[in-house]
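Please read the structure below before turning to the comments.
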Amino acid sequence: MCFEVVVSTLNDGIHSIKLEQKYHYIIVHQISNTKIDEYEAYAKRTFEQYNVKYVQSDTIGLSKSRNIGLSYVTEKFAWIMDDDVILSSAKYHQLCELIENFGGEFGLLVLNYTSNINELNCFQPDVKLTKLEKHQLFHIASINMLVASVLIDNGVLFDESFGLGTDNPSGEEFIFANKAIKLLPVGQSNLIASYHPPVTSGQDFYSTDRLLTAKLKMFIQVYGRYLGRIVFGLFCIKKSRTLFKKGAAFRTVKVFFSC
């Protein structure tokens, strides 16, 4: 085993987790209701046949959950994961080969997921890795992140003021990737290793002032107050057609000058 899968789940989300025998898991279960004992019994009953470290927590926030999971990692790499993702059983050995071949050079290996379940276990004979530059980190999804333990040991963690469950419900992946690339290179693989149901919410940065503000704060966190605001402005210009189409242009300008 050369990596562990760090799964974040909340309350009844534990029932959505689908495990694969080949993988080793760290499941961080945030609980905000009174069903602690019920969940504990379910975990013992369901996870006993798998390689699982099960951790209950009363904390709030997805980034907090990720960081708790990372604190339990004992292998070379950690694969960040959500509770509604299916892992490819056929790609396990290719994932290990990817880490074996490139893990010594790269701190963050970026995978791919598919929304077509028929593609999940298709054989990929030629797995490649491309070194990413800082301006190419924007579209990295957390469930595609293989994080080297050396990053964790050097304090590269998720910013707990960003992510679901906080006032800034997005942007934690971009901030994390920018921390990582300061320490070690980031590499993009062509390997499709998981299935995630089709979603569009991740592309919604404009429907509320809160989402727009989170995007602005994300850029400020990475680039600083002045350059970050400029980058946010350039980002909005690039997305201007969408902003006008969705009636969000005025709110975007308001957020730009009010934050």
query: Just the Cα atoms of segment 98-221, one point each, no solvent: what log10 I(q)/I(0) does Debye give at q = 0.16, 0.20 Å⁻¹?
result: -0.85, -1.19
task: Please identify, among Glu38, Glu173, Glu20, the residue showing maximal mean-square fluctuation in a Gaussian network model of the chain using a 10 angstrom Cα cutoff.
output: Glu38
task: Write down the percent of antiparallel bridges among all DSSP beta bridges whose residues are both part of the chain, to the nearest 5.
output: 30 percent
statement: A correct fewest-to-most ranking of Met81, Met1 by other Cβ atoms within 10 Å would be Met1, Met81
message: How large is the Kirkwood hydrodynamic radius of the chain, counting all unique pairs of alpha carbons, in Å?
response: 19.3 Å
- line: Pairs over 32 Å Cα to Cα, from Lys44/Lys134; Lys18/Lys246; Lys131/Lys245; Lys179/Lys239; Lys18/Lys245, come to Lys44/Lys134; Lys18/Lys246; Lys131/Lys245; Lys18/Lys245
field: Computed over segment 140-183, the ratio Rg/Rh where both radii use C-alpha atoms and Rh is Kirkwood
entry: 0.96
- request: Using only alpha carbon positions, build the gyration tensor of segment 66-149, then give the equivalent ellipsoid semi-axes as the square roots of 5 times its eigenvalues, largest first, whole angstrom.
  value: 19, 17, 15
- line: Computed, not fitted: 222 nm per-residue ellipticity of the chain from DSSP H runs ≥ 4 (each -39500 (n - 2.57)), nearest 500, equal to -11000 deg cm²/dmol
field: For segment 205-258, fraction of C-alpha pairs farther apart than 15 Å, in %
entry: 38 percent
field: Dimensionless Rg ratio for segment 43-113, taking C-alpha atoms and the 2.2 N^0.38 Å reference
entry: 1.27
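Every number here is computed from the coordinates shown, using simple stated rules; none is lab data. Treat the numbers as computed from the prediction; the structure is a model and nothing was measured. In this analysis, Cβ positions are derived from the backbone assuming ideal geometry, glycine residues included, and neighbour counts consider all displayed protein chains.
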